[in-house]
Amino acid sequence: MQLTRRAALQCLGLTSLFGTSAGRASAVFSGDSHPRLLVVHLRGGLDALAALPPYDDPDFPRVRGRARELDASDDAFGGKLDPLFALHPALEPLAPFYSAGELLILPATGIPGIGKSHGVAQRVLFDGDVDGGDFGWPGRAASVLSQGRQPIWRPAPADLSNDVLFDLVLANPGLDIAHLCLGEASGSAGDAVQTLLARRHALSAASFAAAATSAAQALSRPDGPRVALLQLDGIDTHVAQGERLSATLGTLARGVVAFSEAAAAIWRQTVVLGITEFGRSIHFNEQGGTDHGGASVAFLMGGAIAGGRIAGRWPGLAPDQLHEVTDLAVTTDVRSIVNAVLKDHLRLSSQAMAMVAPNASGLQTTKGLFQI
């Protein structure tokens, strides 16, 4: 049975959702000690090897190499975070947060055995149909935290009519229209496609930054919501991944920085969680893109994060370490990170967690992610 926010609130006594102590519950709702959460859904399946290149994995050059993914320069991998991982150059605006201990990255995250269907994976990840208006565990958590007075904050629906054709073309290279625009177009036709895509990226970046700022302003209000949800498209990169993904990751970085600036007054109580439904294949396809794969990467950022490090376990890229030959293996179930956010940051009781995110309730909680 699909669990709705109303059902969750009806089934639970709101006075007991934060544990057995009434004093603890009142502390959560007093002053500016409220925990805040921004969930950023990286919709489409993020390529972990691009976002967080494991530059010192001995098998990385074999499966991916430098030139196809980024470029051939000495700084092609962006800023090196530790002896194994670097940030994609477009994500370098986030490096100061890493240095300040406010960015924690978990590679090889995913949902074991979920398959490679966007719809199925997203419904399991969120315990609800986000695209259908059911905001899943973030929506139910928002209602619990505000005792039903405030729904989750979401930006106003955007007009996506101009994006539909290009999403169709770029995500489905087998279609005749895709061959026309990407495979056979030349001269002015090809230039026109690239110009329109550039305009789309610019509009998307401005829209995402504005939405992130609005989310921060809403969360900063004493009587406002405690949870916000943003969605960022442009990472379902079946075709021409390098430039397209770079633009999208740049949009993500600038938007999150804008959020942090607008949320300065509540930053110490705030967590930004960036998650995706699955990863991508470790090898490029013939169109210079990557297909749906296994594990991806999760990002945690904010003043409440015990960051400045890469957490979790890296499975490696050797043939015997891969999942089904083509995919990065999952070593951290992303739902265990969700559990940690609910328990250790939002401070929900076990009873509340079981109602807010039932798909994750039987999993262990990833430890050590927050400053407790």
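Computed from the coordinates by the stated procedures, all read-outs in this text should not be read as laboratory data. Quick caveat, the model's predicted, so the values are computed rather than measured. Positions of Cβ are generated from backbone atoms using ideal geometry, with glycine treated the same way; all protein chains shown enter the neighbour counts.
Stretched out straight at 0.36 nm per residue, the stretch from residue 149 to residue 372 would grow longer than its current Cα-Cα span by 77.6 nm. Sorting 314-325, 228-239 by average packing, meaning the other beta carbons within 10 Å per residue, from highest down gives 228-239, 314-325. Most tightly packed first, judged by the mean number of other beta-carbon atoms within 10 Å of their residues, the peptides 55-64, 100-109 read 100-109, 55-64.
The distance from the alpha carbon centre of the stretch 115-156 to that of the stretch 217-269 is 17 Å, rounded to a whole number. Between residue 100 and residue 363, full extension at 0.36 nm per residue minus the direct alpha carbon distance yields a gain of 91.6 nm. Taking 18 Å as the cut-off, the amide N atoms of the stretch 221-241 that come nearer than this to a point 7 Å along the Cα-to-beta-carbon line of residue 324 belong to 236-238. What nm value, rounded to one decimal, do you get for the distance between residue 243 and residue 265 when each label is placed 7 Å out toward the C-beta? For the pair residue 243/residue 265, the computed spacing is 4.3 nm. With a cut-off of 13 Å between beta carbons, the residues surrounding residue 83 carry a summed charge of -1, where Lys and Arg count +1 and Asp and Glu -1. Cross-link partners of residue 367 among lysines, defined as those whose alpha carbon lies under 24 angstrom from its own and excluding same-chain residues fewer than eight positions apart: 343.
With the simple spin-label model, which puts each label point 7 Å out from Cα in the Cβ direction, the residue 156 to residue 203 separation comes to 1.6 nm.
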